[in-house]
Structures are given as structure tokens and as C-alpha cells.
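Data block below; observations after.
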Amino acid sequence: MTPERFRIAIQKGGRLFDESIDLLKKCGLRFDLRNGRLLAHCTDRPVDLLRVRDDDIPGLLAHGVVDAGIVGRNELEEVLLGKGYEECPQPQIVRELSFGACRLSIALPDGVKYEGPETIQGQRIATSYPNLLRRFLADSGVSFKPCLLTGSVEVAPRAGIAFGICDLVSSGATLEANGLREVEKIYFSTAVLVRRGEELCAEHEALIKLLNTRIAGIEAAKESKYVMFNAPRAKLAEFVKLLPGANHPTVVPLAGSDDMVAIHTLSKENVVWETLEQLKALGASSILIVPVEKVME
Ligand code: PRT
Ligand code: ZN
């Protein structure tokens, strides 16, 4: 029997769309996204892409409508902590991704003194994340009155409808612009690759594994650089010490020179200008730092 098509849910717009698509493309999946429809078929595999609001992704996973998804960990946990999901097979995080980083924080108007969670005891807090906030406050026995907003949360205190807010923060500029001060960071999040809780058929399990391995290769490549330069053979050991993760470089003789060699190596970390300057000071020349697209070890 041929397995059903594998369905992956991603955010249809918003902050995670571009990087989710980019990641899946780098994993080798080809989609025709031109028509903007809810469902996009993969052109070379039995895989479909479902483009939805991020709020819907956890539920689609919990109810087994999709097999995998890319969503903020904050959204995943918030929805699954809500009523009605206790009985569902819990979706599992397969891998944290290197985009969508943010934190969920409590923020109060400038000038309001914060003396720990008890400061918001019984107060009205504007948030889209009441469950994560409730869980955070449970330890200190503090309760709050939720003012549920799905947008413009940061204007609620100034509008006089909430004492403070609990919202996502990345640079902090939105808080600052609205006269708010971050007083407690309660949750750190990135985008995550998630699979549904139930066991999948062998083909779909294999696909999750394949995506996970390929993403690992893509993420490793982001940090890696291929480094090439010419250098005096006698100082090989000193050069290796300067390059992170370059234990076994390729050393190639240079035509017409007995003491100079070409050194090629994969550096597992980004190579900063200071390292280049140190290589140069040690006698290296023609130094090239080349980005790496994929890594498989
Ligand atoms: O339409 P849909 O429901 O799909 O999208 P959405 O509007 O609910 O979500 P979206 O696209 O804004 O965010 C999707 C996910 O991106 C979030 O669930 C987080 O996992 C992640 N993310 C990362 C962020 C931010 N950074 C972020 N800064 N989501 C929202 N923000 C907002 C925040 O709410 C606040 O309004 O940006 C503002 C703060 O940013 P700074 O830089 O000023 O601090
Ligand atoms: Zn949303």
C-alpha cells in the first residue's frame, strides 16, 4: 500500500515564513508556491506543505492532521497547555532551529516598581500567552487577571486597560517605544521542527529522520567556513592552533617552492577578522574564507 502524503505545516506569512521555506528548500524539497493556496504539493516527493496561521499549527499536529510543522516553541507550548489537548498525543520537538529567537517577558510601565512576581498579584495583564504566564507564576503562588489580546499588546497599559503586559521581545525596541520596562524574562524560544505524537508509518518516520539529518547539516554549515591559505611548512602546527576545529588540515605542496605549502581546512566556527590578521602575521598569504553550504560527517 502506498503511504499517504506527508504533510508539513508552516506559517503562511509572518516572521517564520521565509526562513521555514528556505530551510525546507535547502533540505531538497521543491514546492511550487506561486498560487498562494493553502496546500502546496512538493514536485518531486509525496510531501505537501500546508500554509496556515502559526496559532493553528500545534492543534493540527495534536489532532494528527499534519505530520510535522515548523512553529515557535512559545506558540506550541502555549496552545498545548490549553484546554482540550490533555488527551491528544503530544507533538514532539524534533529539533530547535536557528531562527525565530525571542523571549516572553513581563513588562511594566516605566516608573512602576517591580519587586518580584508578587507585584502583579491580582493585576490585569495583557497577553497572548496566558498559559505560559500562569505556569511561570504557579511556583510563586501568584495569580493575575488575563486581558487576552492577539495584537498591539504593548499599548494596553497606556490605554489604561492593563497594569502590565507579558509579550514576546527580541530587540526590546517595541517595549521602549511604548514606555515599558522588561522586568522578568519568563520563557526563551526559537522556531522548532515538530512531529506529531503518534507513531508514523515507516516511510514517514524515515522522512522525519531525513529532514532532521539534513537540517543538522545545514545548521552545521552555517557556522562552518572553508579556509585556504599559503603558509611556510615549518609553522604548520602554529597555524592549526589558530583555527577552531582544524585538527587535520589538507596540506598541499606549492609548485616551485620547497618551504611553502597550501593549507586547506574546514573551520567549525566562523572565522573572525582577528584570526585572519593573526594568520597573516604568522606568514600566511592568499587567505580565502569560503562559506560552506552543506556538511555531512
Ligand atoms: O498571522 P500569524 O498568526 O501566523 O502570525 P503572528 O502575528 O501570530 O506571529 P508573528 O509572525 O508575529 O510571529 C511568529 C513567531 O515568531 C512567534 O510566535 C515567535 O516564535 C517568533 N518571534 C521572534 C516573534 C518575535 N521574535 C517578535 N519580536 N514574534 C513576535 N515578535 C513581536 C512581539 O510580539 C512584539 O510585538 O515583535 C515585537 C517585539 O519585537 P522587538 O524587536 O521590538 O523586541
Ligand atoms: Zn499567530
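A few points about this structure:
- Within region 125-148, the set of residues being assigned to a loop (DSSP other than H, G, I, E, B), away from ligand 1 (no atom under 16 Å from the Cβ) and among the aromatic types (Phe, Trp, Tyr) comprises just one member, PHE144.
- Residues that are more than 11 Å from ligand 1 (Cβ to nearest atom) and assigned to a strand (DSSP E or B) were ranked within region 42-59; the one that is modelled with the lowest pLDDT is CYS42.
- Test set (1) of a type in the set (Gly, Ala, Ser); (2) surrounded by fewer than 22 Cβ atoms within 10 Å (Cβ to Cβ); (3) modelled with pLDDT of 95 or more - GLY84 fails condition number: (3)
- Selection from region 4-26 of residues that are crowded, with 19+ Cβ neighbours inside 10 Å and either more than 16 Å from ligand 1 (Cβ to nearest atom) or touching a residue at least 40 places away in the same chain (Cβ under 8 Å) (or both): PHE6, ARG7, ILE8, ALA9, ILE10, GLN11, LEU16, SER20, LEU23, LEU24
- Near pairs, Cβ below 8 angstrom, 6+ apart or cross-chain, from region 144-155 (basic (Lys, Arg)) to any residue that is more than 7 Å from ligand 1 (Cβ to nearest atom) and part of a strand (DSSP E or B): LYS145/ARG124; LYS145/ILE125
- Selection count, region 7-53, where residues are touching a helix residue (DSSP H, G or I) at 6+ places or on another chain (Cβ under 7 Å) and of a type in the set (Lys, Arg): 1
- Checking each residue in region 62-94 for being touching a helix residue (DSSP H, G or I) at 6+ places or on another chain (Cβ under 8 Å), assigned to a helix (DSSP H, G or I) and within 16 Å of ligand 1 (Cβ to nearest atom) picks out ASN74, GLU75, LEU76, GLU77, GLU78, VAL79, LEU80.
- Among residues of region 160-197 being part of a loop (DSSP other than H, G, I, E, B) and under 22 Å from the mean Cα position of the chain (by Cα), the one that is surrounded by the fewest Cβ atoms within 10 Å (Cβ to Cβ) is SER171.
- Sole residue being buried (at least 18 other Cβ atoms within 10 Å of the Cβ) and part of a loop (DSSP other than H, G, I, E, B), chosen from GLY122, GLY111, GLY100: GLY100
- Considering only residues in region 125-140 that are small (Gly, Ala, Ser) and under 13 Å from LEU104 (Cα atoms), the one that is surrounded by the most Cβ atoms within 10 Å (Cβ to Cβ) turns out to be ALA126.
The values are calculated or read from the model by the stated rules, or taken from the named source; none is laboratory data. Being a predicted model, the structure only gives us computed values, none of them experimental. When we count neighbours, we look across all protein chains shown, and the Cβ atoms used for this are built from the backbone with ideal geometry, even at glycine.
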